[in-house]
1. From the residues in segment 310-331 that are in a helix (DSSP H, G or I), of a type in the set (Ser, Thr, Tyr) and open to solvent by less than 60 Å² (accessible area, probe 1.4 Å), which one is farthest from Lys279 (Cα to Cα)?
2. Just a yes or no: is a residue in segment 170-181 among the charged types (D, E, K, R) and more than 30 Å from Glu78 (Cα to Cα)?
3. Within 11 Å of the chain's Cα centre (by Cα), surrounded by 23 or more Cβ atoms within 10 Å (Cβ to Cβ) and assigned to a helix (DSSP H, G or I): does that describe Lys279?
4. Please state which of the following conditions Val210 fails to meet, knowing it meets all the rest: (1) touching a Leu at 6+ places or on another chain (Cβ under 6 Å); (2) open to solvent by 10 Å² or more (accessible area, probe 1.4 Å).
5. Restricting the first residue to segment 132-144 and requiring it to be under 14 Å from Leu117 (Cβ atoms), which pairs with a second residue that is assigned to a helix (DSSP H, G or I) and open to solvent by 20 Å² or more (accessible area, probe 1.4 Å) meet a Cβ separation below 7 Å and a spacing of at least six or different chains?
6. Which of the residues spanning segment 59-116 are within 22 Å of Glu282 (Cβ to Cβ) and not hydroxyl-bearing (Ser, Thr, Tyr)?
7. Got a sec? Which of Ala240, Ala288 is part of a helix (DSSP H, G or I), under 18 Å from the mean Cα position of the chain (by Cα), over 22 Å from Asp167 (Cβ atoms) and at pLDDT 95 or above?
8. If we keep just the residues of segment 121-137 that are within 10 Å of Lys98 (Cα to Cα) and acidic (Asp, Glu), which is nearest to the chain's Cα centre (by Cα)?
Amino acid sequence: MGKENNIMLPGKTRKSCFVKGCLIACLLVFVATVGLTIVSIYLLNKSTDNYQKNKNKTELFIKNNPPDYTISNAKEAEFFSTLSKIFSKDDYEEAKEKMLRIKEIYPEGYFVIVHGLFDNQDIFINIYNNFKNNDEDVSVFLSHELTHVAFFGDAFLIEDKKISIKDELNLVGMLPSGEVLLQYINEPTDFDLKYLSENKQNLLVSVDEVNAYTKSVRNSRNFKGKSESGGTVSASSNLARQLYFITLHIKYIKKNQPSTYLAIQNNRGFAYIIMRLVKMAETELLMADSEGLFNQKTRDNLALFNENRYILEQYFNDAGVNDFSDTEFDYQELRSKGIDFTIEKVK
C-alpha cells in the first residue's frame, strides 16, 4: 500500500499541476481578452471621436484668425423685427422657427442671412417663398445668394470677414467676360452657358462663386440627416465646376491679355485670396466626399480642375504667394510681405 501511495502521489501532483496550469492559462487568456477588448473599445471610441471632430472640420481663411459667428442680441432683435414686418403673423412664426433651426445647425449660414437681410429683402422673400417647404434648401439658397449681394462689389464675404482687394474697380475693367472661356469646353453644359455666356461671369465673379458654393457644400454637410432631403450633391458638383472655371480664366488671360495677367500677378492680395479660397473649397469637397455628398458629375468636374491645376500653381508662383500656402502667417505679417488686402470683421 505504501508503495502504491508512493506511485500514486506523483500522479496526483502532475494532475494538480496540470489543472493549475490550465487555470493559469485560462486566466491569462481571459485577462488578455479583456485587455484587448478594452483597448479595442478605446481605439474605437477614439476613432469615433476623431471622426466626429473631423466631420465638420473646415479650412480657415487665415488659420490663426478663426471666425466668430456670434450675433449680438441687438442685431438679432432687429433681424426678427424686420421679418415680422415682412410676413403675416402666422408666416412670421414659421419663418422665425426656420431661422432658429438654421442657427442651430449651420451658424455660418445664419450669420450670412442675418447680415444680408436688411438691404436685400426682396431676395430673401423670393428665395424663402420658393423653398420654404425644406429647411435645408432655405438655408443653402439664402446663405449662397446673400453671400454674393451682402457685400459683393465692395468686398468678398468670407467667413465672418469683409475682405477687400486693392484696385478692385480697375481690375474689373480689365477682366475678360466669361463667354470667351467656352472655346476651351468641348460640350458646354447648361451650367456653363448660364454662368459664362448668359451671366458673362468674369474672374472676380468666379472667385466669389467658389466662396459662395463652398458655403453651400458646408451647408449640405451640416444639414445631412437633419432634413427630409438628407443633403444635396449638386452643391459639390457646382463648386468643382467653378474651380475649373477659375483655371480657364487664368489660362485665357495669360495667353491673350498679358497686361491683365501682369495686373493680377502683381495684385498679390488677390492671388492670396484665390489661393486660400481654392484650398478652402478643396477641403470642403474632401469632407463632402467622405460623407457621401458626391456624385459622378462632381468627380468629373474635379478631374477637369485637377488637370488644369498646374495653371493655378504657375499663377500663384508668378504672384509670389506659394510660400504662404501652408504657413500660419497672421494678417499683419502678410501685409508686411506685400500681400495687400483689407479685413474687416462683420458686426
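1. Tyr331
2. Narrowing segment 170-181 to residues among the charged types (D, E, K, R): 179.
So of that shortlist, the ones also more than 30 Å from Glu78 (Cα to Cα) come out as 179.
The answer is yes; a qualifying residue exists.
3. no
4. Going through the list (1) touching a Leu at 6+ places or on another chain (Cβ under 6 Å); (2) open to solvent by 10 Å² or more (accessible area, probe 1.4 Å), Val210 breaks only (2).
5. What qualifies is Val138/Lys98; Val138/Phe131; Phe141/Phe131.
6. Within segment 59-116, Glu59, Leu60, Phe61, Ile62, Lys63, Asn64, Asn65, Pro66, Pro67, Glu108, Gly109, Val112 qualify.
7. Numbers: Ala288 fails: at pLDDT 95 or above.
On inspection, the qualifying residue turns out to be Ala240.
8. Glu136
The values are calculated or read from the model by the stated rules, or taken from the named source; none is laboratory data. Computed from a prediction, not measured in an experiment: that's the story for all the values here. Virtual Cβ from ideal backbone geometry, glycine too; neighbours counted across all protein chains shown. Just so you know, the surface numbers come from the protein's heavy atoms only, side chains and all, with ligands and any DNA or RNA stripped out. Shrake-Rupley method; radii C 1.70, N 1.55, O 1.52, S 1.80 Å.
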